[in-house]
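Readers should treat all values here as calculations from the given coordinates under stated rules, not as data from a laboratory. On a predicted model such as this, the values are computed, not experimentally measured, just so you know. Backbone-built Cβ (ideal geometry, glycine too); neighbour counts: all protein chains shown.
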There are 2 protein chains.
Amino acid sequence: MTRQGGYNLPEGVNAVRFSSKAVTRVAAGRVIGLSNEKKSAEQISKVSCSNCSVRALCLPAGLTAQDIDRLEQITRKKTVIKAGDQLFRAGDKFTSLYAIRSGSFKSVVIAADGSAQVTHFALPGELLGLDAYSTQAHPSYAEALENSSVCELPFAQLETLAQQVPGLQKQIFNLFSEELRQEKDVVMLLGKRSAEARLAALLINISERYTRRGYSATEFNLTMPRIDIANYLGLTAETVSRLISRFQKQELIKVQGRAITLLDKPGLATLAGVSCSD
Amino acid sequence: MTRQGGYNLPEGVNAVRFSSKAVTRVAAGRVIGLSNEKKSAEQISKVSCSNCSVRALCLPAGLTAQDIDRLEQITRKKTVIKAGDQLFRAGDKFTSLYAIRSGSFKSVVIAADGSAQVTHFALPGELLGLDAYSTQAHPSYAEALENSSVCELPFAQLETLAQQVPGLQKQIFNLFSEELRQEKDVVMLLGKRSAEARLAALLINISERYTRRGYSATEFNLTMPRIDIANYLGLTAETVSRLISRFQKQELIKVQGRAITLLDKPGLATLAGVSCSD
DNA sequence: TTCACCTCTTGATCTGGATCAAGTCTGGGC
DNA sequence: GCCCAGACTTGATCCAGATCAAGAGGTGAA
């Protein structure tokens, strides 16, 4: 649906691509280090949680090796989703949750008047589809922002297994609750904060989420286009662009295309009106 | 904490109070009919889900009589919370969920900079505290907007019971998912909609939620003060007040203090940019 | 009853971010 | 290589809603 040109991410190995001009300014080693994506977009069909990089955040968290084994048995496949492709569409019947192994997604709700609203950016280790349980249909669609891979968890089986494995039930409650808490943060953000505070908060938020996943806290890719960031934050692309320029002038961040370096995270946190781990 | 004066709700039987002027304009029968609160604020300690008016929406939904009985056994008490009192404070250790039997609450998060944000209005049959599970501490405080009663559900026991009763696990997932979906609706609302659309959407939303609880779809109390509505919608009290006046002039609603009559629900739905059940 | 203190309403002015309008940059196709 | 489409940037103008300000209506306490 969304055709991506220009600043788009490459299909292959590295999630970051620079213009020749930019490359001259960034050391090659750091460019590689910036990648949010694992080395290659594997398309292995055997699911193995135990060597998955996000197991500490995903459903296996807190489970015994034996229980993880049972979880692996119901996990149907690990698919590669290309940038721009949809994992599921709005209105699709709810049958499975999807755990993100690598890459990133946006969740988009289409309002009654046809307008789209980005409601969530999802990173590795997070589950997509939790909000579909109560109505048994996905209220939003999920689109890959870069080449991504996911594990599909048929919910009926997951539910049955959770009945037998207390740790799994706990972890599902945990992921539900965590997502609920995050949504409240978004509501807070959109509620009363200035455009400046919103963008600063998003940068801090994404930084912290990447940190928990073992990536650099200060250097990462904003895999989403400006227009999606704007939509998510309740702003326009122009305002986001202006703010990014201003933040650069204020030496809070450094930007090359979609690669971001946070130069002054405490400063951003102050703007955002949140405390930060720095 | 929040001292309430002026337009405050009475302590006693009826949630609605009118000025003498207003009373002359509203038939007594309809005033009674407007009440969002059940007849009296009972303080019975024996929990009985089977004769609770919100059982169809609350945890017992879909359970057998036998399972409801087990649920009742772990439900610790039914307390009356006075208007303005807090059910739990932000930062309190998470031990229980609270099911609202009658009345209404607001959830408020205090940001790092000290500013408060109303993140949710909770009505009978809804659970408070779901967002505290992942961190084991309440991120927000819950304050009664009118005299209310709740059932306390110690979560450790609820979790154990859910392990044994599949329908209960399902229903907990369901309430989590439903709240998540609702939060997404709020994000959509705050994202890009005009002040007018936000207020219209809130009125529609509250109307539909009361309808599901068996109250009138067109006549109900906005139990929350304007300032809370404004905070929740990311607006100022002045803007909310102006909009309410304008909606009255446009004959979309009729307002007496906090009592609201929706005169043109489809019209409001159009403004809100949502479809409605009317 | 009077007074203090709320919440709510209404008016006047100001401003942050939207909108409109050109551009520039980048990568892909030919 | 050149061209084109889409992502992004930057500038000028406009307006919805904030802010500031004043007053009205209602309640509880003395």
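Residue by residue along B:160-168, Cβ atoms of other protein chains within 10 Å of the local Cβ number 2 on average.
Here A:Phe247, B:Phe121 are placed in order of increasing Cβ neighbour count within 10 Å, fewest first, which gives B:Phe121, A:Phe247. Cross-link partners for A:Lys265 among the aspartates and glutamates, with Cα-Cα distance under 17 Å and sequence neighbours closer than 8 places in the same chain left out: A:Glu196, A:Glu208, A:Glu219, A:Glu251, A:Asp278, B:Asp113. Equivalent ellipsoid of region B:75-133: semi-axes from √(5λ) of the C-alpha gyration tensor, largest first, are 20, 14, 11 Å. A Förster radius of 22 Å, combined with the Cβ-Cβ distance separating B:Arg246 from B:Ser115, puts the computed FRET efficiency at roughly 0.20.
log₁₀ I(q)/I(0) of region B:195-272 at q = 0.16, 0.21, 0.24, 0.26 Å⁻¹, via Debye over equal Cα point scatterers, no solvent, to two decimals? Summing over Cα pairs of region B:195-272 leads to -0.51, -0.91, -1.22, -1.44. Remark: spin-label model distance B:Asp69-B:Thr160 equals 1.9 nm, labels positioned 7 Å along the Cα→Cβ axis.
Applying a DSSP loop filter and a limit of 14 other Cβ atoms within 10 Å to the GluC sites (Glu not before Pro) in region B:217-278 leaves B:Glu251. Pairs exceeding 23 Å between alpha-carbon atoms, taken from A:Lys192/B:Lys249; B:Lys77/B:Lys106; A:Lys93/B:Lys184; A:Lys192/A:Lys249: A:Lys192/B:Lys249; A:Lys192/A:Lys249.
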